[in-house]
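Structure record follows, encoded as structure tokens.
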Amino acid sequence: SVTTRDAAEAATAAGFTVNRSQIVLDRPIKELGLHPVSVVLHPEVTVRITMNVARSAEEAELQAAGKSIQELAAE
């Protein structure tokens, strides 16, 4: 399962300054795929981003290209 801490660490690793308290998950993320996440930058500014949850960089690239990991596994 992905937590707000995981999301903040991924954003920081990508070069952004984000605290876990700024991440808002609509629901727990417990599966691979693309998931919408809100980031509260300021009390009046909230942005919606898409978090790509994958087991590897290759899976992340496939998901970003619109391919489903479940479909590829079935093939």
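Show the residue pairs that are 6+ apart or on different chains and have beta-carbon atoms under 7 Å apart, the first residue being within region 6-17 and touching a residue at least 12 places away in the same chain (Cβ under 8 Å), the second being assigned to a helix (DSSP H, G or I).
8/20
Listed here are the residues, each with its yes/no results for (1) more than 13 Å from the chain's Cα centre (by Cα); (2) open to solvent by less than 100 Å² (accessible area, probe 1.4 Å); (3) touching a residue at least 60 places away in the same chain (Cβ under 8 Å); (4) more than 12 Å from residue 2 (Cβ to Cβ).
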| site | (1), (2), (3), (4) |
| --- | --- |
| 30 | no, no, no, no |
| 36 | no, yes, no, yes |
| 43 | yes, no, no, yes |
| 46 | yes, yes, no, yes |
| 50 | no, yes, no, yes |
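Might you check whether a residue that is surrounded by 15 or more Cβ atoms within 10 Å (Cβ to Cβ), in a strand (DSSP E or B) and aliphatic (A, V, I, L, M) occurs anywhere in region 5-21? Explain how you work it out, then say what you get.
Kept after step one, since they are surrounded by 15 or more Cβ atoms within 10 Å (Cβ to Cβ), are these residues of region 5-21: 6-8, 10-11, 18.
Filter once more, keeping what is in a strand (DSSP E or B): none.
No, region 5-21 contains no residue that is surrounded by 15 or more Cβ atoms within 10 Å (Cβ to Cβ), in a strand (DSSP E or B) and aliphatic (A, V, I, L, M).
Please enumerate the residues belonging to region 5-53 that are among the acidic types (Asp, Glu) and farther than 22 Å from residue 64 by Cα.
Step one: list which residues in region 5-53 are among the acidic types (Asp, Glu), which gives 6, 9, 26, 31, 44.
Of everything in region 5-53, just one residue is among the acidic types (Asp, Glu) and farther than 22 Å from residue 64 by Cα, namely 44.
The values are calculated or read from the model by the stated rules, or taken from the named source; none is laboratory data. Keep in mind that what you see is a predicted model, and the values were worked out from it rather than measured. All Cβ positions, even for glycine, are placed from backbone atoms using ideal geometry, and neighbour counts span all protein chains on display. Accessible surface is based on the protein model in full, side chains and every heavy atom, while ligands, DNA and RNA are left aside. Shrake-Rupley method; radii C 1.70, N 1.55, O 1.52, S 1.80 Å.
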